[in-house]
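Q: Let me give you the structure first, and then I'll get to my questions.
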Amino acid sequence: VIGLIDCAGLRLQEATDALNGFGEIYKNMSLASGIIPQITAVYGECGGGLAVLAELSDFVFVEEKKAKLFVNSPNALDGNYESKLDTSSAKFMAEAGVADFVGDEETIANGVRQLVSMLPSNNTEGTVCTDNQDDLNRVCADMAAEIADPALALTDISDDGVFVETKAEYAKEMVTGFILVDGVTVGAVANRTALYDENGEKAEEFAPVLTTAGAYKAAEFVTFCNAFEIPVLTLTNIKGFEATVKSERTIAKASAKLVYAFANADVPKVNVITGEAYGSAYVAMNSKSIGADMVYAWPQASIGMMDASSAAKIMYADDIAASKDAAATINEKAAEYAALQSSVDQAAARGYVDTIINPEDTRKYVIAAFEM
């Protein structure tokens, strides 16, 4: 179901009849959720109760110049007015995670067409398959260099470079979107540490941590994929949880939502550990223990409780304090810990990693896993 919205709101003359009509639409959209994919494109006004209607859908497109999406207009907010901060703008709503896609009218129309082509018509249709002419064994020579910005890596993995990123302006440290793997639509979730612009220059950097917004973004996306039998691929590179007073209020609940989404999903799930994978944040990112069917890791990956140096400082505090050269002792103990506890080989020996693969071979291994 695709909704195109440009509406100033309810007719005041219709009063409770109009409200009842809204409620009936809300109910029908709620009952259809998880059964029929729902897409809303906002081309003009979409305020008040209409904003709720838009957000009941799975994906929201917002026209970048004329569209207004809001519950309360900018001028109705205490201490605010539109020229100060336009809280109804496409840019504001994209950064808030309300809008999935932003663009001009033609871009939106093409985006809706592309998304429809990649999604099943309903939750019983099964896997969406298209013809694939891309080499299944294609080597991705730049994969290791692209992993800081997984939007680039996922584009490289996907057939013919097709990657549809969702909520690109929201929680940028977590990437979500759709790729094609041998013609099959696959949902992708990945940790981002850098964002590159169209000129290949680093535009933003992010800590390799799980944030509240990132966890909620990924959990919602995985839940959608599970509802419509869309397989899920993750690229994991994470050192822990965000550590701020603000995040501490919310990170446990958000992480629990992410764990539940992955553990509850019964679609095929593949995880590729591309860098660091530490602590419970790694466990939450589609680890073998919460249900990943296949886990691959690159040779330079590190998997464990925390980075070796930090672990050595805690475990061998007395030895370090008694040492004449504390730095040398830390390095020695860290090397021992890394070899025994956090190396990718140890994780594979314990069965937490199925296969250690070279970065350039990621595409063919991912295809093989999903074909199984």
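Q: For the stretch 216-288, what is the convex hull (Cα atoms) projected area averaged across all directions, in square nanometres?
A: 4.6 nm²
Q: Enumerate the calculated ³J(HN,Hα) couplings along the stretch 278-289 in order (Karplus 6.51 cos²θ - 1.76 cosθ + 1.60, θ = phi - 60°), each rounded to whole Hz, writing x wherever the residue is Gly or Pro.
A: 10, x, 5, 5, 5, 4, 5, 8, 6, 6, 4, 5
Q: Compute the angle between helix 362-371 and the longest alpha-carbon principal axis of the chain, please, reported from 0 to 90 degrees and rounded to the nearest 10.
A: The two axes meet at around 70 degrees.
Q: Can you give the charge dipole size of the stretch 42-183 about its Cα centre, rounded to the nearest 20 debye, using +1 on the beta carbon of Lys and Arg and -1 on the beta carbon of Asp and Glu?
A: Approximately 560 debye in magnitude.
Q: Using only the alpha carbons of the stretch 1-125, determine the length spanned along each of the three principal axes and report them from longest to shortest in whole angstroms.
A: Rounded to whole Å, the extents work out to 49, 35, 21 Å.
Q: Right, here's the next one. Cα centroid distance between the stretch 10-32 and the stretch 206-268, in Å?
A: If we compute the Cα centre of each part, the gap is 33 Å.
Q: Out of all DSSP beta bridges with both ends in the chain, state the antiparallel percent to the nearest 5.
A: Of all bridge pairs located within the chain, approximately 30 percent are antiparallel.
Q: Hey, what angle do you get for helix 15-32 against the long axis of the chain, alpha-carbon based, 0 to 90 degrees rounded to 10?
A: Relative to the chain, helix 15-32 is tipped by roughly 40 degrees.
Q: Out of residues 5 or more away from Thr130 or on other chains, whose amide H comes under 5 Å of its own, with H placed 1.01 Å from N in the peptide plane?
A: Under 5 Å from the amide H of Thr130 lie the amide H atoms of Val184, each far enough along the sequence or on another chain.
Q: Let me ask you something else. If you take every residue apart from Leu31 with its C-beta less than 15 Å away from the C-beta of Leu31, what net charge results, scoring Lys and Arg +1 and Asp and Glu -1?
A: -1
Q: So, with +1 on the Cβ of K and R and -1 on the Cβ of D and E, and no other charges, what is the size of the charge dipole of the chain about its Cα centre, to the nearest 20 debye?
A: With only Lys, Arg, Asp and Glu charged at Cβ, the dipole is about 1140 debye.
Q: What FRET efficiency would be calculated for the residue pair Gln300, Val52, taking the C-beta separation as r and a Förster radius of 56 Å, to the nearest 0.05?
A: 0.75
Q: Kindly state, as a whole number, the per residue volume in cubic angstrom of the convex hull around the alpha carbon atoms of the stretch 1-51.
A: Here the figure is 68 Å³ per residue.
Q: Among DSSP beta bridges whose residues both lie in the stretch 157-258, state the antiparallel percentage, nearest 5.
A: 70 percent
Q: Assuming a ≥ b ≥ c are the square roots of the Cα gyration tensor eigenvalues, decide whether the stretch 166-309 counts as rounded (a/c under 1.5), prolate (otherwise, with a/b larger than b/c) or oblate.
A: Taking the square roots of the gyration eigenvalues as a ≥ b ≥ c, the stretch 166-309 is rounded.
Q: Next question, about the same structure. Is the stretch 52-134 rounded, prolate or oblate when judged by the Cα gyration tensor, a ≥ b ≥ c being the square roots of its eigenvalues, rounded requiring a/c under 1.5 and prolate requiring a/b larger than b/c?
A: The shape class here is prolate.
Q: Using 0.36 nm times the number of residues separating Glu106 and Glu371, minus their current alpha carbon distance, what extension gain do you get?
A: This chain segment gains 91.9 nm when fully extended.
Q: Under 18 Å from a point placed 7 Å out from the Cα of Thr244 along the Cα-to-Cβ direction: which residues of the stretch 266-289 have their backbone N that close?
A: From the stretch 266-289, the list is empty.
Q: Summarise the accessible area of the chain (1.4 Å probe, protein heavy atoms) by the percent that is carbon and sulfur.
A: 52 percent
Q: Bin width 10 Å, origin at 0, all Cα-Cα pairs of the chain: what percent of pairs per bin?
A: Computed distribution, short to long bins: 5, 21, 30, 23, 12, 6, 2, 0, 0.
Q: Further, regarding this structure: Please compute the per residue accessible area over the stretch 113-157 with all protein chains in place, 1.4 Å probe, rounded to a whole number of Å².
A: 53 Å²
Q: Still on this structure: Pairing the Cα long axis of helix 251-264 with the longest principal axis of the chain, what angle in degrees results, from 0 to 90 and rounded to the nearest 10?
A: 90 degrees
Q: What residue among Ala99, Ala263, Ala284 shows peak mean-square fluctuation when the chain is described by a Gaussian network model with Cα springs under 10 Å?
A: Among Ala99, Ala263, Ala284, the largest mean-square fluctuation in the Gaussian network model of the chain belongs to Ala263.
Q: Put +1 on the Cβ of every Lys and Arg and -1 on every Asp and Glu Cβ in the chain; which of Ala369, Val98, Gly161 then has its Cα farthest towards the positive end of the dipole?
A: So the residue we want is Val98.
Q: A further question on this structure: Modelling each spin label as a point 7 Å along the Cα-to-Cβ direction, I'd like the Arg113/Asp78 distance in nm, to one decimal.
A: For Arg113 paired with Asp78, the spin-label model returns 4.8 nm.
Q: Here's a follow-up. Per 5 Å bin, what percent of the C-alpha pairs of the stretch 123-209 does each bin hold, from zero upward?
A: 3, 14, 22, 24, 17, 11, 6, 2, 0
The values are calculated or read from the model by the stated rules, or taken from the named source; none is laboratory data. Because the structure is predicted, anything quoted here is derived from the model rather than measured. Don't worry about glycine lacking a Cβ; one is built from the backbone with ideal geometry, like all the others, and counts go over all protein chains shown. Just the protein is used for accessible areas: all its heavy atoms, side chains included, with ligands, DNA and RNA removed. Shrake-Rupley method; radii C 1.70, N 1.55, O 1.52, S 1.80 Å.
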